[in-house]
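The values are calculated or read from the model by the stated rules, or taken from the named source; none is laboratory data. Nothing here was measured: the structure is a model prediction, and the numbers come from that model. Heads up, the Cβs are rebuilt from the backbone with ideal geometry, glycines too, and the neighbour counts pull from every protein chain shown.
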Amino acid sequence: MAGRGKEEERSAAEEKKAEIKWNEETQRFETEDKEAYLQYHLLQIADGQTAMDMVHTFVPRSKRGMGLAAKLCDAAFDHARSRDLAVIPTCSYISDTYIPKNPAWNSLVYKDEPKSSM
Ligand code: COA
């Protein structure tokens with residue numbers, strides 16, 4: 001009986017490391033080690049609706065170019081959709097790279113000026 005190969009175990013461990021957690025207190029989506037994160041703020045917009053202003057995405061230099069920022073965005077946009085929140089893509093990575101590559105998320109993007117912060 002062959003168990004899981006070393007390679008497979010290693011990639012499962014890598015996958016786990018890249019698991020994204022929601023940290024409600026700090027308003028971040030982050031890796032378990034907290035080194036990579038997407039920072040947002042909640043804003044009040046028109047008609048009593050709330051938006052997630054996604055202000056900053058950060059990935060440590062050694063982990064860039066492997067899609068980790070996109071994973072953080074996937075988690076944050078899924079969260080926004082599931083809670084009926086609009087998205088304000090203040091972070092340039094999100095507006096210039098992530099959304100053009102994932103145009104379906106444009107439907108969540110808020111187009112007017114926010115009214116006040118919460
Ligand atoms: N603005 C827009 N796009 C950017 C970018 C930026 N500041 N920095 C990198 N990108 C693009 C790359 O050109 C690359 O595009 P390609 O796939 O077409 O070649 C793509 O992002 C890489 O995507 P991904 O692997 O998901 O991103 P990453 O895990 O390497 O992380 C950042 C990207 C921007 C989060 C990371 O480079 C970083 O932390 N930079 C410093 C902080 C910063 O500038 N944040 C963005 C502004 S808030």
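Of the numbered criteria (1) part of a loop (DSSP other than H, G, I, E, B); (2) small (G, A, S); (3) at negative phi, the one S62 fails is (1).
Just to verify a result, which residue in segment 34-71, among those that are touching a Ser or Thr at 6+ places or on another chain (Cβ under 8 Å) and among the hydrophobic types (A, V, I, L, M, F, W, C), is surrounded by the most Cβ atoms within 10 Å (Cβ to Cβ)? Among them, the one singled out is L38. Restricting attention to segment 86-107, the residues that are closer than 16 Å to Y40 by Cα, within 7 Å of the ligand (Cβ to nearest atom) and surrounded by fewer than 20 Cβ atoms within 10 Å (Cβ to Cβ) add up to 2.
Could you please let me know if A75 is in a strand (DSSP E or B), of a type in the set (A, V, I, L, M) and modelled with pLDDT of 95 or more?
So A75 does not fit the description; no.
If the condition is being surrounded by 10 or more Cβ atoms within 10 Å (Cβ to Cβ) and modelled with pLDDT under 95, then segment 14-33 contributes E14, K17, A18, E19.
Figure legend. Inter-residue proximity from segment 54-79: first residues within 19 Å of L108 (Cα to Cα) and near the ligand (Cβ under 6 Å from one of its atoms), second residues part of a loop (DSSP other than H, G, I, E, B) and not aromatic (F, W, Y), beta-carbon distance below 9 Å, spacing 6+ or different chains. Indicated pairs: H56/T90; H56/C91; T57/A36; T57/C91; A69/A36; A69/V59; A70/N102. Within segment 39-53, the set of residues being modelled with pLDDT of 95 or more and either within 16 Å of the ligand (Cβ to nearest atom) or more than 13 Å from Y110 (Cβ to Cβ) (or both) comprises Q39, Y40, H41, M52, D53.
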